[in-house]
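Peer 1: What follows is a single structure, and I will ask about it in a moment.
The values are calculated or read from the model by the stated rules, or taken from the named source; none is laboratory data. The shown structure was predicted, so the numbers you read here are calculated from the model rather than taken from an experiment. Glycine gets a Cβ as well: all are built from the backbone with ideal geometry, and neighbour counts include every protein chain shown.
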């Protein structure tokens, strides 16, 4: 399902994105980073080089992702915006120790999401809201130089998950839940709802900063998508690595956990009538023939 999800975003003339998809010899492994902002550090922390230098405390790391799916409803970096929309400098970060450069930038158009009560399109964000980009990120640092592909959707995390990823049964091998809300981007929702959907996304590895908490915003998300997001957490976790979070998110701790599904849990979302209706509506989210053929 993962590679077919990538095809759903593909448009005629996407030279670099199409070349990436064509080069895959297996179903794509996708790491989803909701509320990513311009934090490209996961590209290093989910790389084979990091795994080799920092083996897990217990268990084994699954294979790293082939591509990263970033999502965020906001675009707060002017340098990032200039690079994407106005052919500005592709170097979006350079502090003398680490340089981050965007390459092969391609605008894939907009996701045709319907208005949603949280974080709607307005005059200030209409030029980027619900836009999707593909680009390669080159990171140069003391650890070496490497390049990773990123698919970036400027939309609501919960809308992307509940109206597209879950209805079409997309697979995300990794979910990164770091710096979500807590005032980093002006929001205070902690993303606790994400723990409720991990089995539905067939997530293998859950990476988080251990800062989730319940709030009225969490309850709003779960209630709004109550026929898609399970009301209770249905995942079980096995911790395989912990690391000091100051080098990533200024958090005290970053935790790697394998996601185990309780075989006794009866997930009926595939048979829920309202979800089937949502799946039907999701066929119209993007206006291209690949999406029509894919969202069945």
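Peer 1: Quick test of your reading of the structure: residue 210 fulfils all but one of (1) over 29 Å from residue 121 (Cβ atoms); (2) out of contact with any strand residue (DSSP E or B) (no Cβ under 6 Å at 6 or more places or on another chain); (3) assigned to a loop (DSSP other than H, G, I, E, B). Name the failing condition by number.
Peer 2: (2)
Here's the yes/no breakdown for (1) touching a strand residue (DSSP E or B) at 6+ places or on another chain (Cβ under 7 Å); (2) under 19 Å from residue 175 (Cα atoms); (3) assigned to a strand (DSSP E or B):
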| position | (1), (2), (3) |
| --- | --- |
| 25 | no, no, no |
| 60 | no, yes, no |
| 89 | no, no, no |
| 97 | yes, no, no |
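Peer 1: Specify the residue that is surrounded by the most Cβ atoms within 10 Å (Cβ to Cβ); the eligible residues are those in the range 11-21 that are more than 12 Å from residue 135 (Cα to Cα) and at pLDDT below 95.
Peer 2: The qualifying residue surrounded by the most Cβ atoms within 10 Å (Cβ to Cβ) is 11.
Peer 1: I would also like to ask the following. Pick out the one residue from 69, 5 that is over 21 Å from residue 128 (Cα atoms), crowded, with 18+ Cβ neighbours inside 10 Å and in contact (Cβ under 8 Å) with a residue 12 or more places away in the chain.
Peer 2: Working: 69 fails: over 21 Å from residue 128 (Cα atoms).
Among 69, 5, only 5 is over 21 Å from residue 128 (Cα atoms), crowded, with 18+ Cβ neighbours inside 10 Å and in contact (Cβ under 8 Å) with a residue 12 or more places away in the chain.
Peer 1: Looking at the range 140-155, can you tell me whether even one residue there is buried (at least 20 other Cβ atoms within 10 Å of the Cβ), touching a helix residue (DSSP H, G or I) at 6+ places or on another chain (Cβ under 8 Å), modelled with pLDDT under 95 and not in a helix (DSSP H, G or I)?
Peer 2: No; the residues of the range 140-155 include none that is buried (at least 20 other Cβ atoms within 10 Å of the Cβ), touching a helix residue (DSSP H, G or I) at 6+ places or on another chain (Cβ under 8 Å), modelled with pLDDT under 95 and not in a helix (DSSP H, G or I).
Peer 1: Answer yes if at least one residue in the range 108-119 is more than 25 Å from residue 221 (Cβ to Cβ), touching a strand residue (DSSP E or B) at 6+ places or on another chain (Cβ under 6 Å) and touching a residue at least 12 places away in the same chain (Cβ under 8 Å), and no otherwise.
Peer 2: Looking for residues that are more than 25 Å from residue 221 (Cβ to Cβ), touching a strand residue (DSSP E or B) at 6+ places or on another chain (Cβ under 6 Å) and touching a residue at least 12 places away in the same chain (Cβ under 8 Å), one finds at least one in the range 108-119, hence yes.
Peer 1: Return the only residue of 222, 240, 254 being within 22 Å of residue 163 (Cβ to Cβ), modelled with pLDDT of 70 or more and surrounded by 13 or more Cβ atoms within 10 Å (Cβ to Cβ).
Peer 2: 222
Peer 1: Is it fair to say residue 83 is crowded, with 18+ Cβ neighbours inside 10 Å, at pLDDT 95 or above and touching a strand residue (DSSP E or B) at 6+ places or on another chain (Cβ under 9 Å)?
Peer 2: Yes; evaluated as a whole, the condition is true for this residue.
Peer 1: Next question, about the same structure. Filter the range 96-106 for residues that are buried (at least 16 other Cβ atoms within 10 Å of the Cβ) and out of contact with any helix residue (DSSP H, G or I) (no Cβ under 7 Å at 6 or more places or on another chain) and give the result.
Peer 2: Passing the criteria: 100, 101.
Peer 1: Is it true that some residue in the range 107-122 is surrounded by 12 or more Cβ atoms within 10 Å (Cβ to Cβ), farther than 21 Å from residue 83 by Cα, modelled with pLDDT of 85 or more and touching a helix residue (DSSP H, G or I) at 6+ places or on another chain (Cβ under 7 Å)?
Peer 2: Checking the range 107-122: at least one residue is surrounded by 12 or more Cβ atoms within 10 Å (Cβ to Cβ), farther than 21 Å from residue 83 by Cα, modelled with pLDDT of 85 or more and touching a helix residue (DSSP H, G or I) at 6+ places or on another chain (Cβ under 7 Å).
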